[in-house]
Amino acid sequence: MFVINCPYCGERDQSEFSCGGEAHIVRPKQPTELSDDEWAEYLFMRKNIKGVQFERWNHAHGCRKWFNMVRDTSNDKIHAVYKMGEKPPVI
Amino acid sequence: MTKYRINKTRFVDQTKTVSFTFDGKKYHGFEGDTLASALLSNGIHLVGRSFKYHRPRGIMSCGSEEPNAICQINDNTDLTEPNVRATEIELYEGLKASSQNCWPSLNFDIGGINNLISPFIPAGFYYKTFMWPKSFWKKIYEPLIRLSAGLGKSPTQPDPDIYDHKHEHCDVLVIGGGISGIISAKIAAKNNLKTILIEDKNILGGSTIYQNNKNFIIDNKKSNEWLMNEISELEKLDNLIIKTRTSLAAFHSYNYLLAKENISDHLPLDKKNGSIRQRLWKIRADKVIVAAGAIERPLIFNNNDRPGIILANSVKKYLDFYGVSTGLNNIIFTNNDSAYETAVSLFEKGISVKIVDIRKKSSSNIVKYADELGIKIYWNSTVVNTFGYKKIKSIEIMNLSEDGSNVTGNKHKIQCDCLAISGGWTPMVHMHTQSGGKLDFREIDQVFVPSEKSENHINVGSCNGDFELEEIVKNTNNKVKKFLNINEGGFDKISVLCSKELEKKNIWLLPNTISESKTKSFIDFQNDSTAKDIKLALREGFKSIEHVKRYTTTGMATDQGKLSNMHALGIIADTAGVKMGSLGTTTFRPPFTPLTFGAIVGRSVGKFFDIVRKTSIHEWHVQNNAKFENVGQWKRPWYYPINNENLHEAVQRESKAARDSAGILDASTLGKIDIQGSDASEFLNRVYTNSWSKLGIGKCRYGLMLNEDGMVYDDGVTTRLGENHYLMTTTTGGAANVLSKLEDYLQTEWPELDVYLTSVTDHYSTASICGPNSKKILKKLFPNKDFSDEAFPHMSYQDAIIDEIECRIMRISFTGELSYEINVESKYGKSLWENCIAAGEEYKITPYGTETMHLLRAEKGFIIVGQDTDGTMTPIDLQMDWIVSKKKYDFIGKRSLYRSDTMREDRKQLVGLLTDDPNEILEEGAQIVSELDKKPVEMIGHVTSSYFSPNLNKSIALAVVKGGKKMNGQKLFVPMENKNINVTVSDFIFLDKDNKRINA
């Protein structure tokens, strides 16, 4: 049970948040131009890193804002949180 | 005083007698006793039978590590509780306890035969034996195993006790109220930190509080006296909360901890008075100091499990804390100095004691002192056997060989009535590892100690591997100061004198003259696994500690291997010839000690189990005899039986009435999302499969929403209220997820869109009136409104006023009938509904529930997302190609509709099914086959919706069938348990395909 520092609300209990999986996967602007394989890469392929991972989180039971978080999956240490659209920090 | 209550102590009030029963017989103990100490004071050691061999077992310890003294408490059907450790339950007036796992009685247990046939039931016996013949499993093996399995009896009635949860925040949480915990808590609290100290026993002090030995001196006082003084000072501190009878259950990441407080378990029955029984504390601590202590290890030798064989430090606690002697003729069997404190205590009370030590000598102060007192010590010796069935009577000892791997010389028999054993100490690293900490193996005394420094928690005292009093006091002071960033600890100039252990020796499995296969050297006392079981597992090829553990069940009992895990590891390491540190440990999982279900669920029982959502019309439904069904958290009217109708009869009547005259449905639960912003139309274009740009203001349109993988996710009608204003409806169950998904796209993929979403599900109540007479009823309700098809066509909306209340009327239909939905602010819902019922009375307007709604829409071939779809259906599979825009460049899920897999023609597709016998109703979920004789049977689809249609007077069903689109008219079969039902594939629109009714 982590404490997450929502970029809009501040520190809140993990139970208020939901995780939306890997961050920085951009929806292709022109899906019709993509081959089946390229589309499948966007649609299905996700990393599952043991270590530092960039994730999307949603303050579902709070401000309902989505934001990004850098978390080490091996020890749950949260390295950074930042708003959608902001540049990912170098970890 | 009884024969065994030989000592007066300050911890047990011998003026207050408490009576209790054990196995139906009445005994007496005193206030302050545990069930275990009270039983021992009455000379009772035999308290249970072992799990597998049904060997007699006695009390072995004095704490949560107890493997044997597992009791059933109380005998009523609602409050009885199995698997309670006698060492942990405080005695109260009227306590009823009984032994478990024995039949017909503790003293004569038929299962004891397992002990005689034990050579035939080694580790893995069940896995190996009950494999064949296969047919024996169901009728013979399983019932027999079930009969003998399990410990104790569960209550058969609901738990009447109250449990509680409470959240707490603090600067410092100290786990454990022994000497190191007390020092830590005092340093923290004196430095203005909000501190909580939790201790699982009823008083603070750990094992130092009864140390009372002149070899252990702190600041010129005996250690126990010094500590008592510290405790009384501690109790005066303002910013310190002391929670006794509170045990830590779990230590999660980010210093989130769960602790269980026993509030009324120790009170006499008549004083519990409906008080809360247990409270689960959910603590978020800035810093955590673990001072959980250590558990004494047993020694592993032949027949080491007889009643009367007790851990040495527990013998000392029973004597010095409870005033009870566990025996009058004691032998102490040890590999370390700590057991000598027990010997000295016994000797000083005039009780006979001898010592058997596997070491060749020990030159510490406490050993010298014992020697000076004249206590007989057998050096370099080991116990090779014990005797006495229900209570130990004597032991045999032999000398150890030079390297300790064998025994030499003659056997020497010694009489005794108690054998106190000590194999050293195991630090309680459970908390540390639960929080993610790692361990190091310390060779010198063969212990795992916490490694890796965490910023947010530390371990102090014996759980950190500091076993000697001086180390404990000084290291705790220094460590806590550094951890809390404090200059003055208050214990900086303390002087500590104690005995120091210089000679150490450990043998995991003690040698014997007889072959291993003929010995019973127990490692896990509760699960009856022995050293030879571990060796057998290794011979059979198991290598990983996790596998050996599961195969032999070592460490898998309710004590979670607190006494057994280290020996199992040690024997594996010795046998396999590897270093113990390289084996790793098994995983320590929460809870540390078993938690009651009551404590876990707290107040969330009965009507507080989940939120119940009711519409504003709910009371009317209740008054009109509605039966309800749960849709998500909503209570929705399911059907309205009249005169004892069953579900089928009520639904047939309601369905007929809705098509023949008029029906009314409470549709308030449908999800509603208010969408506003200059890009609202573009947004809808992107999230629905069809086009929204040209939808006029005041018009409604049905939309289908896909996931990015092309599968149908939700559907509903959206109304354009204004230029930049829409009202979207979603399925009842999908509302929250749809909003969340839409927000996700808006915030992350399309932040440039000017769109705002608001959930308004609860804001409006909806009455949906359908049927050929619905227009007449609407005219009565809204006399000034023009309901002609030209003025108010299908799929349009208008504002209106009823009883001076503004409302919205949508002419939309989910039943295939002419239909209007009236929306008002929720608080007027019931009054609107009653107006509708009154206006419809002359047309016999019939309220109908969800079941009739499902039937009516199935007649018309409308899908229900989640019933006819299951996350694997595309709109093409549903034969809804018409709703997928070819012109739009993109929408969510579009690209996936052109993946090779979604374009396969043999995907499951939506079809109608008609049974050859029109009265035969298919079961929803039933499988469909095309060839009955083919083996293996090829299942080509399943029934998704099935009803008897009163309007068509025949059974109808929707189904998904592989390649179903091209199978119209084909004969298929639905095999059931006793028969095969013949069906024919049909169009899935059964009624009014050309929409005459909707446009009536």
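Just so it is clear, none of the values below were taken in a lab; they were calculated from the coordinates. In this text, all values refer to a predicted model and were calculated from it rather than measured experimentally. Neighbour counts run over all protein chains shown; Cβ positions are idealised from the backbone, glycine included.
Structure shown: which of B:LYS860/B:LYS962; B:LYS194/B:LYS453; B:LYS785/B:LYS844 lie over 29 Å apart, alpha-carbon to alpha-carbon?
none
Students often check this: by mean Cβ neighbours within 10 Å, which of B:798-809, B:57-68, B:699-710, B:170-181 ranks highest, and how do the rest follow?
Ranked from most to least packed, the peptides come out as B:170-181, B:57-68, B:699-710, B:798-809.
Cα-Cα over 21 Å: which of B:LYS153/B:LYS317; B:LYS672/B:LYS741; B:LYS96/B:LYS153; B:LYS190/B:LYS214? Don't skip to the end; give the middle numbers.
Working: B:LYS153/B:LYS317 31 Å; B:LYS672/B:LYS741 14 Å; B:LYS96/B:LYS153 14 Å; B:LYS190/B:LYS214 30 Å.
The pairs that break the limit, which is 21 Å between Cα atoms, are B:LYS153/B:LYS317; B:LYS190/B:LYS214.
Return an integer: the convex hull volume of the alpha-carbon atoms of segment B:666-848, in Å³ per residue.
So the per-residue Cα hull volume is 118 Å³.
List the relative contact order of chain B as a percent without decimals, with contacts defined as Cα pairs under 8 Å and 6+ residues apart.
Here the relative contact order equals 9 percent.
Give me the one-decimal nm value for the distance between modelled label points at B:HIS412 and B:VAL760, 7 Å along each residue's Cα-to-Cβ direction.
9.4
Sticking with the crude label model, points 7 Å out along Cα→Cβ, report the distance from B:GLU804 to B:GLU225 in nm, one decimal please.
Result for the modelled spin labels: 8.8 nm.
Taking segment B:587-700 as the region of interest, what is the percent of Cα-Cα pairs per 5 angstrom bin, listed from the shortest bin to the one with the maximum distance?
Percent of Cα pairs in each bin: 2, 8, 11, 12, 10, 9, 12, 11, 9, 7, 5, 3, 1, 0.
I need the peptides B:955-967, B:619-631, B:305-317 ranked by packing, meaning the mean over residues of other C-beta atoms within 10 angstrom, with the highest value on top.
Highest-to-lowest ranking by the protection proxy: B:305-317, B:955-967, B:619-631.
Which one, B:PRO590, B:THR902, B:GLY606, projects farthest toward the positive side of the charge dipole computed for chain B from Cβ point charges (K/R +1, D/E -1)?
Towards the positive end, the residue furthest out is B:PRO590.
List the equivalent ellipsoid semi-axes of segment B:154-218 in whole Å, largest first, each obtained as the square root of 5λ for an eigenvalue λ of the Cα gyration tensor.
Ellipsoid semi-axes (Å, largest first): 32, 22, 6.
Can you return the aspartates and glutamates within cross-link range of B:LYS532? Criterion is Cα-Cα under 19 Å, with same-chain partners fewer than 8 residues away left out.
Here the aspartates and glutamates satisfying the reach criterion relative to B:LYS532 are B:ASP305, B:GLU516, B:ASP524, B:GLU540, B:GLU546, B:ASP574.
For chain B, find the longest principal axis of its Cα atoms and tell me its angle to the long axis of helix B:179-190, 0 to 90°, nearest 10.
So the helix axis and the longest Cα principal axis differ by about 60 degrees.
Give, rounded to the nearest 20 debye, the magnitude of the charge dipole that chain B has about its Cα centre when Lys and Arg contribute +1 at Cβ and Asp and Glu contribute -1 at Cβ.
Dipole magnitude for chain B comes out near 2780 debye.
In this model, which of B:LYS699/B:LYS776; B:LYS656/B:LYS954; B:LYS479/B:LYS500; B:LYS887/B:LYS993 are farther than 24 Å apart at the alpha-carbon?
Violating the 24 Å Cα-Cα cut-off are B:LYS887/B:LYS993.
With equal scatterers on the alpha carbons only and no solvent term, can you work out the Debye log10 of I(q)/I(0) for segment B:861-986 at 0.12, 0.13, 0.23 1/Å?
-0.48, -0.56, -1.39
So what is Rg over Rh here for segment B:501-568, counting just Cα atoms and using Kirkwood for Rh?
On the Cα set of segment B:501-568, Rg over Rh gives 1.01.
Given labels modelled 7 Å from the Cα in the Cβ direction, how far is it in nm from B:SER517 to B:GLU842?
According to this spin-label approximation, the distance is 9.9 nm.
Mind pulling the angle between the C-alpha long axis of helix B:338-348 and the longest principal axis of chain B? Nearest 10 degrees, somewhere in 0 to 90.
60
Run the helix sum for chain B: -39,500 (n - 2.57) per DSSP H stretch of 4+ residues, divided by residue count, reported at 222 nm to the nearest 500 deg cm²/dmol.
Rounded to the nearest 500, it is -6000 deg cm²/dmol.
For the charge dipole of chain A, defined by +1 on Lys and Arg C-beta atoms and -1 on Asp and Glu C-beta atoms about the Cα centroid, which residue among A:PRO89, A:GLY20, A:ALA40 has the Cα displaced farthest towards the positive pole?
Among A:PRO89, A:GLY20, A:ALA40, the one farthest towards the positive end of the dipole of chain A is A:PRO89.
Could you size up the charge dipole of the protein assembly as shown around its Cα centre, putting +1 on the beta carbon of Lys and Arg and -1 on that of Asp and Glu, and report it in debye to the nearest 20?
So the dipole magnitude of the protein assembly as shown works out to roughly 2720 debye.
Taking the Cβ-Cβ separation of B:ASP492 and B:ARG550 as r and a Förster radius of 41 Å, what is the calculated FRET efficiency to the nearest 0.05?
After rounding to 0.05, the efficiency reads 0.25.
Using a Förster distance of 41 angstrom, determine the FRET efficiency expected from the C-beta separation of B:GLU402 and B:ASN329, and round it to 0.05.
Computed FRET efficiency for B:GLU402 and B:ASN329: 0.85.
Hey, quick one: spin label on B:HIS725, modelled 7 Å out along Cα-Cβ, who in segment B:802-820 has an amide N within reach, i.e. under 19 Å?
B:802, B:805-811
For segment B:666-848, with only Lys/Arg (+1) and Asp/Glu (-1) charged at the beta-carbon, what is the dipole magnitude about the Cα centre, in debye rounded to 20?
Charge dipole of segment B:666-848: 720 debye, to the nearest 20.
How big is D for chain A, in µm² s⁻¹ as a whole number, if Stokes-Einstein is applied with the Kirkwood radius of its Cα pairs at 20 °C and 1.002 mPa s?
My calculation gives 150 µm²/s for D.
Give me the Kirkwood hydrodynamic radius of segment B:298-423 in Å, from all C-alpha pairs, to one decimal place?
Roughly 14.3 Å, rounded to one decimal.
What relative contact order, as a whole-number percentage, does segment B:1-44 give when Cα pairs under 8 Å and 6 or more residues apart are counted?
Once divided by the residue count of segment B:1-44, the mean separation gives 41 percent.
Can you give the extra length, in nm with one decimal, that the chain gains between B:ASP23 and B:GLN633 once fully stretched, where that is 0.36 nm per residue apart less the Cα-Cα distance?
My answer for the length gained is 214.9 nm.
Which percent of Cα pairs goes in each bin when the distances of segment B:745-828 are cut into 10 angstrom slices starting at zero?
15, 41, 23, 15, 6
Please report the spacing between the Cα centers of segment B:446-471 and segment B:747-813 in Å, no decimals.
70
One quarter of the convex hull surface, Cα atoms only: what value does that give for chain B in nm²?
50.6
Report the one residue of B:ASN690, B:CYS770, B:ILE845 whose Cα lies farthest in the direction of the positive end of the charge dipole of segment B:666-848 (charges on C-beta: Lys and Arg +1, Asp and Glu -1; origin at the Cα centre).
B:ILE845
Give the peptides B:236-242, B:469-475, B:502-508 in descending order of average Cβ contacts within 10 Å, highest first.
Going from most to least packed, we get B:469-475, B:502-508, B:236-242.
Name the shape class, rounded, prolate or oblate, that the alpha-carbon gyration tensor gives for segment A:38-91, where a ≥ b ≥ c are the square roots of its eigenvalues, rounded holds for a/c under 1.5, and otherwise prolate holds if a/b is larger than b/c and oblate otherwise.
Taking the square roots of the gyration eigenvalues as a ≥ b ≥ c, segment A:38-91 is oblate.
Considering every pair of different Cα atoms, what Kirkwood radius, in Å, is found for segment B:374-466?
One over the average 1/r among Cα pairs gives 16.6 Å for segment B:374-466.
Please provide three numbers in whole Å: the alpha-carbon extents of the protein assembly as shown along the principal axes, with the largest listed first.
Principal extents (Cα only, largest first): 115, 70, 63 Å.
Using only the alpha-carbon atoms, how far is helix B:647-660 inclined from the longest principal axis of chain B? Give it as 0 to 90 degrees, nearest 10.
30
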